[in-house]
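The numbers here are math on the coordinates, done by the rules we state, and not lab data. The structure displayed is predicted, hence computed values, not measured ones. Cβ placement follows ideal geometry from the backbone for every residue including glycine, while neighbour counts extend to all protein chains displayed.
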Amino acid sequence: MDWQALALTLRLATITTAILLVLSIPLSALLVLGRSRWLAVLEALATLPLVLPPTVLGFFLLVLLGPRTAIGRGVTALLGHPLAFSFSGLVVGSVIYSLPFAVQPLVAGFAAVEPALVDAARLLGANPFRIVFTLFVPLARRSLLAAAVLSFLHTVGEFGVVLMLGGDIPGATRTLSILLYNQVENFDYASANRTASILLTLSVVALAAIYSGNRKRRGSHA
Amino acid sequence: MPHRFLISLLAVLGLPSLLAQTPLRIAAAADLEPVLPPILEQFHEATGIDAEATCQASAVLTTQIQNGAPFDLFLSADLSYPKRLIDAGLADTAGSSDSSTPITYAKGTLVLWTRKDSQLSPSLDLLRDPHLKRLAIANPERAPYGRAAVAALANLKIYDELKTRIVTAENIAQTAQFVDSGNADAGLISLTSALTPRLSASGAYFVIPRDLYPPIEQGAVIVSNTSQRAAVHKLLDFLLSPPVQAQLAKSGLTPVK
């Protein structure tokens, strides 16, 4: 078992999930509370990563972040190195790739909060920031959990984007899914089975722990 | 009226597939993608036999054939994958002099490729140049050109030094994309890719001396399950005929005849 790849994958998924939550909470609140018709376009854009085949998304990012575009050159100047083939490049790719998996549950959860409560809060003079953190976040915490779990898992299982953007560098961009793919492609089915079993076991244990905690809390509310 | 409609529907959907023979399905290595389609067209003109190519990494095609993919002929980018299928009893070269060895139909050529707008120009010296920050190669564990790339770097005694600057792509096409998008400074790719209109317009190549890597012998095998053995043999003979071999040479493969 390649523990380096496992550690790298967990680090990537954790950082990606953290960034996604920070981005998605205000974005989803804006989509739910906002009145502008342009928000429909914004919501569509935030859903787009679901449409593109991941390798194509990875290819677009590779070109966009490369030295042949102004954006790519700017990022390179800012960081001192190009984003492609680096861990930070994978973080950027993963955030874009998993964005719908954070935004969708949050929008659904925030929209399900009783509108009368939101109106009452507004009448009492609460600003949007206060509405989000005293109403949306506590009332939609199951959606928040769903968003976090889905973003994390989706990043762990991410393959096409990493394949195109990563360059398979051990310790920097060789994630578990790439390792697994390599093992399968090299006809090393024994190692592949081992890697997959560890990944699946860990996922089931972690998910069951999260969901059982969640069920208990639901039970105490009923 | 509905009758007539049904009959014309049958004519459209059913008849052509009854009249025409099923096309030959060729599983072809990724480096043949720019080369094979025109050859198959000429084959059709010469014999009336339709043939369709699926171009993929040889390793992927091997797994697919092992799992029953309906191909008639496998044109690999090396000898090890077709040999593996022969050993598993799934492929053969019946009719050739040695029916347990893949038929070598061409040899691949490894080149060092850079973009024309980069500061670096391709040569052996470039591989020792500290300005070379990222060198793209294909996965050496499964892509024949990746294996050749590592062998060449090892023979030049620069592999260990370059190791941290190497990025590995899935196959030869992706290796070229890494360089063409500007993210890698240079790449070791196939001459067949470097000679495509797209890459020859945007970049320049240097042919890696052949004594630096073991020959990339490309082997063909007949998938034993094929129902069109006669047609497959016709295609193999066509592929090995002098005019087609000469055409392979123009596309970046070394003829074997």
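Summary of values
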{"quantity": "Global geometry of chain A, whether rounded, prolate or oblate, following the gyration tensor of its Cα atoms and the 1.5 cut on a/c", "calculated": "oblate"}
{"quantity": "Burial order of peptide ranges A:80-88, B:34-42, B:71-79, B:131-139 (average beta-carbon count within 10 Å, highest first)", "calculated": "B:71-79, B:131-139, A:80-88, B:34-42"}
{"quantity": "Computed E for A:Leu139/B:Ala249 - FRET, C-beta separation, R0 51 angstrom, nearest 0.05", "calculated": "0.10"}
{"quantity": "Gained length - A:Asn214 relative to A:Ser88, 0.36 nm times residue gap less alpha-carbon distance", "calculated": "42.1 nm"}
{"quantity": "Helix-only mean residue ellipticity at 222 nm for chain B, each DSSP H run of n ≥ 4 adding -39500 (n - 2.57), per residue, nearest 500", "calculated": "-11000 deg cm²/dmol"}
{"quantity": "Contact order relative to length of chain B, as percent, for alpha carbon pairs under 8 angstrom and 6 or more apart", "calculated": "27"}
{"quantity": "Partner lysines for B:Lys250 [C-alpha distance under 19 Å; skip if fewer than 8 residues away on the same chain]", "calculated": "B:Lys107"}
{"quantity": "Residues in the range B:153-184 reached by a label modelled at B:Gln119 [backbone nitrogen below 18 Å; 7 Å Cα→Cβ]", "calculated": "B:182-184"}
{"quantity": "Rounded Å value of the spacing that divides the Cα centres of the range B:93-116 and the range B:137-211", "calculated": "18"}
{"quantity": "Alpha-carbon centroid distance for the pair the range A:21-68 / the range A:158-182, whole angstrom", "calculated": "23"}
{"quantity": "The range A:20-118: trypsin sites (Lys or Arg not before Pro) falling in loop per DSSP and having at most 13 other Cβ within 10 Å", "calculated": "A:Arg35, A:Arg37"}
{"quantity": "For B:170-183, mean number of other protein chain Cβ atoms within 10 Å", "calculated": "5"}
{"quantity": "Overall form of the range B:110-207 per C-alpha gyration tensor (a/c, 1.5; a/b vs b/c)", "calculated": "oblate"}
{"quantity": "Dipole-positive endmost among A:Ala7, A:Leu144, A:Ala192 within the protein assembly as shown (Cβ charges, Cα centre)", "calculated": "A:Leu144"}
{"quantity": "Estimated distance in nm for a label pair at A:Ala70 and A:Leu124, the labels positioned 7 Å out from Cα along Cα-to-Cβ", "calculated": "4.8"}
{"quantity": "³J(HN,Hα) computed for each position of the range A:98-109 - Karplus, 6.51 cos²θ - 1.76 cosθ + 1.60, integer Hz, glycine/proline x", "calculated": "9, 3, x, 6, 8, 6, 4, x, 5, 4, 4, x"}
{"quantity": "Estimated FRET transfer efficiency when R0 is 25 angstrom, pair B:Thr164-A:Phe187 (beta carbons, to 0.05)", "calculated": "0.35"}
{"quantity": "10 Å Cβ neighbours from other chains, averaged over peptide A:162-172", "calculated": "4"}
{"quantity": "Paramagnetic reach from B:Asn225 (point 7 Å along Cα→Cβ, amide N under 13 Å) across the range B:28-71", "calculated": "B:62-71"}
{"quantity": "Furthest towards positive pole of dipole, A:Thr76, B:Tyr213, B:Leu110, structure part the protein assembly as shown, Cβ charges", "calculated": "A:Thr76"}
{"quantity": "Lys, Arg +1 and Asp, Glu -1 on Cβ, resulting dipole of the protein assembly as shown about Cα centre, debye, nearest 20", "calculated": "1660"}
{"quantity": "Efficiency of FRET between A:Val51 and B:His131 - r from beta-carbon atoms, R0 35 angstrom, step 0.05", "calculated": "0.35"}
{"quantity": "Three-way shape label, chain B, alpha-carbon gyration tensor, a/c 1.5", "calculated": "prolate"}
{"quantity": "CD proxy at 222 nm, helix term only [per DSSP H run n ≥ 4: -39500 (n - 2.57); per residue of chain A; nearest 500]", "calculated": "-24500 deg cm²/dmol"}
{"quantity": "Inter-chain shielding of A:82-91 (mean C-beta neighbours from other protein chains, 10 Å cut-off)", "calculated": "2"}
